[in-house]
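Accompanying notes for the structure given below.
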Amino acid sequence: MQRLKTRPQFQAVLGGDTLARTPHFALHWVALTGAEPGPASQTPLFSPHDIWFGAMVPKRWAKRAVTRNTIKRQIYAVSRDFASSLHIAAHLVRLRSGFDRQRFVSATSDDLKAAVRLELTQLFSKAVVALPVKPVSAA
């Protein structure tokens, strides 16, 4: 499993399809059909033999850095659990709305982690069901 690191990688995945949504998260993906060249150079953005994951947690929806980092850690942990069920593709989990600051007063708490993990599990479960059928390789 590889992580998305560069801006062109994130933009390429955001330009792909939305595979699943929950109230707080969206899962974007783009299939890796081959070595896709980067915008300014001819180097490929993704290795076509790996599953790629990224996490996008904007300050707009999680003001505190500790909260953003906690959510990203939960995204990567749950994505590892579901990696074997997903296609070889680039995936991006994006936080699309904030968690209630009245309910989760602490910047990071066990309640927040549990709520994030539960919703991410729902997101990935929906994604596995929504995935197109894997192509059968010709032997």
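The values are calculated or read from the model by the stated rules, or taken from the named source; none is laboratory data. All of these numbers come straight from a predicted model, not from anything done at the bench. As a convention, Cβ positions derive from the backbone with ideal geometry for all residues, glycine included, and neighbour counts pool all protein chains shown.
Would you be able to tell me the number of residues in the stretch 7-27 that are exposed (fewer than 14 other Cβ atoms within 10 Å of the Cβ) and under 19 Å from Arg68 (Cβ atoms)?
2
Which residue out of Lys113, Lys63, Lys126, Lys134 is modelled with pLDDT under 95, crowded, with 16+ Cβ neighbours inside 10 Å and either of a type in the set (Lys, Arg) or touching an Asp or Glu at 6+ places or on another chain (Cβ under 9 Å) (or both)?
Lys113
Please go through (1) modelled with pLDDT under 90; (2) part of a helix (DSSP H, G or I) for Val105 and return the number of the only condition it doesn't satisfy.
(2)
I'm trying to understand the selection: among the residues of the stretch 77-90, which are in a helix (DSSP H, G or I) and touching a residue at least 40 places away in the same chain (Cβ under 8 Å)?
Once the filter is applied, which keeps residues that are in a helix (DSSP H, G or I) and touching a residue at least 40 places away in the same chain (Cβ under 8 Å), the stretch 77-90 yields Ala77, Val78, Ser79, Arg80, Asp81, Phe82, Ala83, Ser85.
Out of the residues in the stretch 83-93 that are touching a Ser or Thr at 6+ places or on another chain (Cβ under 9 Å) and modelled with pLDDT of 90 or more, state the one that is farthest from Val30 (Cα to Cα).
Here the residue is Val93.
Which one is modelled with the lowest pLDDT, of the residues in the stretch 8-58 that are of a type in the set (D, E, K, R) and farther than 16 Å from Pro132 by Cβ?
Of the residues in the stretch 8-58, the ones of a type in the set (D, E, K, R) are 17, 21, 36, 50.
Next cut, farther than 16 Å from Pro132 by Cβ only: 21, 36, 50.
Numbers: Arg21: 94, Glu36: 52, Asp50: 85.
Checked the stretch 8-58; the qualifying residue modelled with the lowest pLDDT is Glu36.
Every residue, every condition in (1) under 30 Å from His49 (Cα atoms); (2) surrounded by fewer than 17 Cβ atoms within 10 Å (Cβ to Cβ); (3) in contact with a Gly (Cβ under 7 Å, 6 or more places away or on another chain); (4) not aliphatic (A, V, I, L, M), yes or no:
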position	(1), (2), (3), (4)
Ile88	yes, yes, no, no
Leu92	yes, no, yes, no
Gln102	no, yes, no, yes
Ser109	no, yes, no, yes
